Amino acid sequence: MQYTASSLSQPILHVFRNFYKPFLAIQSFSYYSSNSYVKESVKIQISNKNIFEDLMYGPIIRTVFKVYEKMNKFQTGKINLYLLNVFVIIILLLVYVRLSP
């Protein structure tokens, strides 16, 4: 008897089925319409939809990239404007730390 990766992962996928939303589609094409046992080809499509990645990590990553694109406009300008931006942010952070309880 041999153990494969699918025999070990199948119970785990069964338990976490609601989180990963598995999709299985099997299409079989026969040589002859009268004999369905002789197959020309079989197409199996399996995919998992990870709801953690779609609903939690995806929006966070998109937001980070949007902020990066806006910050990139500041950083490609003049060096004096960039240094002023860094200086103002440091001052604001120091004020925030000093005033926070």
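Values in this text are rule-based calculations from the coordinates and carry no lab data. None of the values given here were measured: they were computed from a predicted structure. Neighbour counts are summed over all protein chains in view; Cβ atoms, including those assigned to glycine, are modelled from backbone coordinates with ideal geometry.
When all alpha carbon pairs of the chain are counted in 10 Å bins from zero, the resulting P(r) reads 11, 17, 19, 16, 13, 12, 6, 4, 0 %.
For segment 1-49, the equivalent ellipsoid derived from the alpha-carbon gyration tensor has semi-axes of 30, 16, 7 Å in decreasing order.
Against the main long axis of the alpha-carbon atoms of the chain, helix 79-99 sits at an angle near 90°.
When restricted to Cα atoms, segment 51-101 yields an Rg and a Dmax of 15.7, 44 Å, respectively.
Can you give the net charge of the other residues whose Cβ lies under 13 Å from the Cβ of TYR32, counting K and R as +1 and D and E as -1? Once positives and negatives cancel, what remains is 0. Using Cα atoms only, what is the angle between the long axis of helix 5-15 and the major principal axis of the chain, expressed in degrees (0 to 90) to the nearest 10? Tilt relative to the chain: about 70 degrees.
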